[in-house]
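In what follows, a structure is listed as structure tokens, so that the remarks can point back to it.
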Amino acid sequence: MRKIFLMILVALLLTGCGAKEDTADNNNKTDIPVNEDNDTDKKQDDIAKEPSGFSFEYNNVDIYMNTDVVPVIDALGEELNYFEAESCAFKGLDKFYTYPGFEITTYPLDNKDYISAVNLMDDTVSTPEGIYLGSTVEDMIAAYGSDYIESSGSYTYTKDDSKLQFITMNDEIIAITYLADVEGLEQ
């Protein structure tokens, strides 16, 4: 049921945008050029600073929102699946990299791809604080505190330029997503 929910969520996010999936051969990826132009807005400069906010960790790789995806992908190694779709919010392609138990989503900006979300897809992975799909709301509050916004079973914590969202059903966490705050970014 969790996989179906996550698949529906991704499908809804892509509604109205073109999509292309590459499951058999990942050699279609292109090198992402680095933008050497120093004429960028303040928000662009902000995302180039030291990583901050919530991070997901996998195999000793810290994954922060609004950071360049290239070093992360290089450190994680080859993904299980790669998917791309025309971005609804930015000029270019949103990219999806699937690894065991989680998926990284990116957004394009100034000829680079930045991490916009990390979705935990099963209970083989957890947040650094030990919360996983199947944990309870009580476990979540014990790990993260009560400084959240709740709406219809969705609990959202905010830290710097990132959010950590837990979706619950019957007091059980059924979805965990790290989200980048991309409001105000040049599109």
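The values are calculated or read from the model by the stated rules, or taken from the named source; none is laboratory data. From a predicted model like this one, the values you see are computed outputs, not experimental measurements. Neighbour counts are summed over all protein chains in view; Cβ atoms, including those assigned to glycine, are modelled from backbone coordinates with ideal geometry.
Structure values in brief
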read-out	value
Subset of region 55-74 (residues that are free of Cβ contacts under 8 Å to residues at least 40 places away in the same chain and more than 20 Å from Thr124 (Cα to Cα))	Pro71, Asp74
Unmet requirement for Ala142, which otherwise passes all of (1) without any contact (Cβ under 8 Å) to a residue 40 or more places away in the chain; (2) touching a Pro at 6+ places or on another chain (Cβ under 8 Å)	(2)
Region 152-171 - residue that is assigned to a loop (DSSP other than H, G, I, E, B) and either touching a Gly at 6+ places or on another chain (Cβ under 7 Å) or of a type in the set (Gly, Ala, Ser) (or both) and, of those, surrounded by the fewest Cβ atoms within 10 Å (Cβ to Cβ)	Ser152
Residues of region 102-151 classified as crowded, with 20+ Cβ neighbours inside 10 Å, under 17 Å from Ile173 (Cβ atoms) and of a type in the set (Val, Ile, Thr), total	3
Single condition Ile63 does not satisfy, out of (1) modelled with pLDDT under 95; (2) part of a strand (DSSP E or B); (3) among the aliphatic types (A, V, I, L, M)	(1)
Pairs where the first residue, in region 75-90, is at negative phi and the second is at pLDDT below 95 and among the basic types (Lys, Arg), C-beta under 6 Å, 6+ apart	Glu84/Lys20
Some residue of region 147-157 being closer than 27 Å to Leu93 by Cα and free of Cβ contacts under 8 Å to residues at least 24 places away in the same chain	yes
